[in-house]
Each structure stands twice: as C-alpha cells, then as structure tokens.
Amino acid sequence: MEKLQYALFTGCTAKESTPEQLMSTYAVAEKLGIELVELSEASCCGASHLQDYDDFLSLVLNARNICYAESRGMTMVTICNTCQLNTAMTKHRLDKDPALKARVNEKLAEVGLEYKGTSEITHFLYAIIDDFGLDKIAEMVVKPLSQFNIAPFYGCHNIRPSELQNESHKKAENPYNPTSLDDLIIACGGVNVDYEEKNKCCGFHVELQAPKTASILTGNALMGAMDNNADWMVTPCPLCHLKLDTQYEHASHAVGRDVKMPVLHMQQMVGLALGCTPDELGLQHHVAEIDFL
Amino acid sequence: MSMQAITTQQVTFNVFRFNSETDYLPYYKQITMEVTSEEVVLDILDRIKWEHDGSFSYRRSCRHGICGACAVKVNGKGVLACKERMNDMIGLFGTELTIDPVSSKHAIKDMVVDKKDFWDKHEAVEPYLISEIEEHPEMECYVTPMESEALLESDLCIQCGLCHYACPVIEINDAFLGPAAFAKAFRFNADVRDEGIDERIGIVNQPGAGIWDCVKCFECAEVCPKEVNPIEKITKLHNQTFERNDAIDNVATRHAVGFAHSIKKHGLLDEGELVRYSEGNIGVLKHVPVAIKMWKKGKIVMPWNMPKSDKLDEIKRLVKSSSTVKF
C-alpha cells in the first residue's frame, strides 16, 4: 500500500490545553506509517462560536485553511470534532453555492488564494478506520487492551449532522447508534461499553454562559459510563476531553456524586495498544490521573 | 415500472407503556410480529392496538407527514411514525426495536405526551406577523420569491415537537425556549412583512431562556423530519442580534466576539485570554482553581508562549477585509 499522507489541521486545543493529543497523534501516525504534514498557516476554525458573531468571516477563514490543504494536494485530516464540523460545513456550503464561493474567493484573492473544493476533509478517527483499515490496526496490536472495559464517547460534531459528516465516511455512521469508536476499541483488543450517553452532548460549548447545563451534561456522560462498569472512557474530541477530564469536580457537584474517571484521547488508546510508551502519549498531562497502567 | 417484491421479517418491539392515572412507573411490553417491507412505523402502532392491546394509546391524524401528531421515538431516534419506513428502521437498528414517546418525562398515556411546555414556548416568541395594516387595504402585500427564500424553509415546521424533545437543554433547563421556538422566531423575523423583530430579538436573547444557552449538539437538525434545520436558524438569530446592534454585553456575546479578537492577534485561539475576555477580570477568578490543576499538568500556555499561525499577516488582512459586523 502506498504511504498515506494527510494535511494535519491541529486546531488550537491540541496546541494549548491538550498537548497530549498532538503528541499521541504523531506517535500513532508514526507507528502506522502515516505521514502528517502540519498546516502551520491554519487559523482557528471559530469553534462554532465565531459564526454566531460573523458568519462570513468564519467562512473566509475556514476556506483559507482548506486552501492550504488543497495547495499541498492532500486530504485534510482534523483531530477535533468541532474543527471537523466547521471545516466540513464550510466546504459543504461553498461547494453547493457558487455565488457564496465566489464572494469568499473574492476575499481570498486579496491574499493570493483560491478555494477550489479539491481536498476532502476527514477526522483522524475515520482516516485510520476508512483509509488505513481496522483489520490492519488489529494485526499491529502488541498490547491488547483486553482487561479493560472502555466507554466510547463520540462527541456531537463527528456524528451530527449525519448528512454532512457521512459525506467523508466510507461507511455511514448512524448518529443514533454510532459504531466507529466501538469498532476501534474492539480492534485494540478492549471491551466496548454500551451506554445511553455515548452519542450525547458533553456541554462544552456553553461552559461559560450556562455552567450548570454544561456540568449536568458532563456529569450524565461520566455517570453513564461508570454505571455500565467502564474502567475508562475514550473520545476523538479534545473539547469533550477537556470537559470530561478537567471539569469532573463541577460535574460531580452538579449530579451529586463523584464521577471522576480517566478519559483517554482515541489516539492514546490506539497508541497504548500499538506499544507506545505513556510518555510518548502524554499520559502525564491528564487532570483525572491515568491510574490503570 | 418495476415492482419490488414484498418481504417479511420477524421483529420484536419493546413498547413503552404508561398510564399517568394508574401507574407509578412506566414499563415495557414486548410484542413480536411479522413486519412487511412496505409498512411504516404508524402501521405498527395501529397493529399493536388492533391486534395486541386495545388500550394502547397514540396520536395520529393526517398520515401524510403534515399534522405532526404521530411523533414517537424508535431506538432513541425521533420520527414521524407515518413517514418512517420499517425497512429503514430495521436497517438502522436491527430487528429488536424500542418504541418510546418523544419525551417519557411528559408522557400522559403510552405515546401520548403533554406538549404544554412546547406550546407555551412556541407562543412566547410571538409566532405571528406583527404589522401595522390598514383596516381597508387597497392591494395585497407582495412577497417576491426571493424574499420568501430568505425564510430558509423555516415555514415548513409542522410543530411536531421532535426537535424540542430531542434537545438536551430542554431536558435540563425549564426556562430554555428550545429549537422549535427559535426556528419560529426566525421565520417571522425573516418575513419582509413583519415588524416585530425588535421584540423577538429581545425575547430570544434572554440569558437562560434564549439562543445563547444552545449547546450546539445538532440533535435538532438531525431529528427534524421536515428539514427545517433549527440550529441554522439559531445561528441566524445570533447574526441578526449582532447585525442590528442588539447584542447585550455579557459573557455569552463576548465569548463569540472573543474568537475574532484572538484570531486577529494570533491566528489561533488564545484559550486563556478568551475566558478572561468573556468573563471579565473578576468573573475569570472562578476559573482559577481548575486552571491551577491544568497548569500543574502542563495544560496551560502562558501568554508569552502563545503559539501563532504562520502567515499571520494574511489572516489579519482577511479579518480586516472580511468582517461584516462590529461589537
């Protein structure tokens, strides 16, 4: 097989509050022989808030980010569900609306860029499942996670709106019964935990303006995993991770019981199964300590 | 025309049963039946009542996906029972299906729910044309096709309540108006004949009740059987708020604006600065305990180490030339 190559859009969180996510992405890519070329020119995607303030500006900035994947002739790979949503949504809107695309390109021309629509956009989770292949990952596992019950937490923006996100998936994900992350847990030798909150919202986006709502949603997710005997949780989204990992005290207070639980990034889980060291995966950067190794 | 052969398969249904007058708690009744490939979910509800239990209750009326009465949930997915084909349900979830009301919290009897909260919130956004009209107008009020396109199909809403009861915030926060009410507010705000936009913008901007408490989970967009896409309308209401200079200076609005400031300065988002800008110098103090924990784990980037995007000049130039609003 030809070596897989992607233009990596890291997003902001991986560069700031979840450094372990970027470390583990590179560690896993190296194990799998995937080449990631970082889009160092990329700006913030606006995290689904900038468009509330200025929708057009959000489109222009996201289109600019995609331009740099296009100029490298690569598929853009994201490692944050919200980056995935905002970027894929921009592509979707520009590709179906030539007038809007022209307006955006008029601005991009000022800096010598043009959005063409030639690059696909996919989350790293789907890149390794669809393009690399679950079977091949399973074959490469050297430390099967067989002693762990692992609760997948999908994160809204990878699975909804399904019509948009399934444009980039080989196998359509059912937002009411997603399976990709469960399949990945099984490929890593782990036991996948089924629970009601696995495809629900963590509350991240209203943490500042509606902290009670946010904490209850986070608490519900952690409780669901806990009540179904999970040893730890795994998520493809660094924003969900921030909520579940760093905000467990607020969540515990909101739902009236201790819901502290280790939460891994999906890259860290794969990395553990492939034999990466805890240091390579940045496991020391978690607030809810990783106490099971 | 080629005819597809009708196939049959055995499906087990777990049916939510509850009578608020006699039952302390709901329970599930298991019914197994042969389902043909041309049936819709409503056919199953009919057959449960006609063939298995005459006391089973559900709402139905038009059978054409326009009255919104037969909304139920199948394995957690909100559907209009008359529109959703059993074949598709089996394809998505297999041959063991759970049928629930749209909100078990609001169940009166089986699938029948009390939608009072939905209608109260619908009414709260003034869902009608507000306009000074002459008592004896001499001509009609014209709306061009282009002007009606600006409604973005928000007028297709049939008030089935599926988005309202799929919304996780509705479940938690009784004050929250919810996606259906917001889509309706947009529907009239976007109508060229309407003059009530100022009032509605005021209503949908209330902290706790309004658009700023939306968690952006896209459950409403996913579930809507008429493709109204309520969250798109919520974004439009946010945009109207800023475009009309009606944004209240508070943590929620600053949170949205803060992204533009940060991108202009660094290209990337300065997470710490966003929290400080949104909360203000005093409000930010409540985040200090968590920030210290994060700092100890190497999760906080100090301002002087803030990474910047390459080609930042390009980003600054685009922010300047492409901005459409000011705050």
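The values are calculated or read from the model by the stated rules, or taken from the named source; none is laboratory data. Note that the structure is a prediction, hence the values are computed from the model and not measured. Reconstructed Cβ throughout: ideal geometry from the backbone, glycine too, with neighbour counts over all protein chains shown. The area values use the complete protein model at the heavy-atom level, side chains included, leaving out ligands, DNA and RNA. Shrake-Rupley method; radii C 1.70, N 1.55, O 1.52, S 1.80 Å.
Checking each residue in the stretch B:17-43 for being closer than 18 Å to residue B:82 by Cα and either in a strand (DSSP E or B) or of a type in the set (Lys, Arg) (or both) picks out B:35, B:36, B:40. Counting only helices (runs of 4 or more DSSP H) that sit wholly inside the stretch B:208-327, those with at least 1 residues that are of a type in the set (Ser, Thr, Tyr) are B:230-243, B:251-266, B:271-283, B:312-322. Restricting attention to the stretch B:128-144, the residues being out of contact with any Asp or Glu (no Cβ under 8 Å at 6 or more places or on another chain) and open to solvent by 100 Å² or more (accessible area, probe 1.4 Å) number 9. Residue count for the stretch B:69-92 satisfying the condition of being in a strand (DSSP E or B) and more than 12 Å from residue B:225 (Cβ to Cβ): 3. Against the list (1) open to solvent by 30 Å² or more (accessible area, probe 1.4 Å); (2) at the interface with chain B (Cβ under 7 Å from one of its Cβ atoms); (3) not aromatic (Phe, Trp, Tyr), the condition residue A:191 fails is (2). For the stretch B:194-205, taking the residues that are in contact with an Asp or Glu (Cβ under 9 Å, 6 or more places away or on another chain) and charged (D, E, K, R), the one that is least open to solvent (accessible area, probe 1.4 Å) is identified as B:200.
Residue count for the stretch B:262-283 under the criterion of being within 26 Å of residue A:43 (Cα to Cα) and at the interface with chain A (Cβ under 10 Å from one of its Cβ atoms): the result is 14.
For the residues B:94, B:68, B:78, the requirement of being within 12 Å of chain A (Cβ to nearest Cβ) and under 17 Å from residue B:114 (Cα atoms) singles out B:78. For residue B:256, state whether it is under 30 Å from residue B:153 (Cβ atoms) and either touching a residue at least 40 places away in the same chain (Cβ under 8 Å) or open to solvent by 70 Å² or more (accessible area, probe 1.4 Å) (or both). Judged against the criteria, residue B:256 is not a match.
Number of residues in the stretch B:100-136 that are in contact with a strand residue (DSSP E or B) (Cβ under 7 Å, 6 or more places away or on another chain) and not in a loop (DSSP other than H, G, I, E, B) equals 6.
Go through the residues of the stretch A:268-280 one by one and say whether even a single one is at pLDDT 95 or above and closer than 29 Å to residue B:77 by Cβ. Scanning the stretch A:268-280, I find at least one residue that is at pLDDT 95 or above and closer than 29 Å to residue B:77 by Cβ, so the answer is yes.
Go through the residues of the stretch A:32-51 one by one and say whether even a single one is assigned to a helix (DSSP H, G or I), closer than 24 Å to residue B:326 by Cβ, within 7 Å of chain B (Cβ to nearest Cβ) and open to solvent by 20 Å² or more (accessible area, probe 1.4 Å). So far as the stretch A:32-51 goes, yes, one or more of its residues are assigned to a helix (DSSP H, G or I), closer than 24 Å to residue B:326 by Cβ, within 7 Å of chain B (Cβ to nearest Cβ) and open to solvent by 20 Å² or more (accessible area, probe 1.4 Å). Among the β-branched types (Val, Ile, Thr) and free of Cβ contacts under 8 Å to residues at least 24 places away in the same chain - does that describe any residue in the stretch A:270-291? Yes, the stretch A:270-291 contains at least one residue that is among the β-branched types (Val, Ile, Thr) and free of Cβ contacts under 8 Å to residues at least 24 places away in the same chain. Summed over the stretch B:277-324, the residues that are open to solvent by less than 30 Å² (accessible area, probe 1.4 Å), under 20 Å from residue A:113 (Cα atoms) and touching a residue at least 40 places away in the same chain (Cβ under 8 Å) give a count of 4.
Cβ-Cβ contacts under 9 Å between residues 6 or more apart (or on different chains), taken from a first residue in the stretch B:154-182 that is free of Cβ contacts under 8 Å to residues at least 40 places away in the same chain to a second residue that is part of a loop (DSSP other than H, G, I, E, B) and open to solvent by 30 Å² or more (accessible area, probe 1.4 Å), are listed as B:175/B:206.
Scanning the stretch A:275-293 for residues that are of a type outside the set (Asp, Glu) and open to solvent by 10 Å² or more (accessible area, probe 1.4 Å) yields A:275, A:277, A:278, A:283, A:284, A:285, A:290, A:292, A:293.
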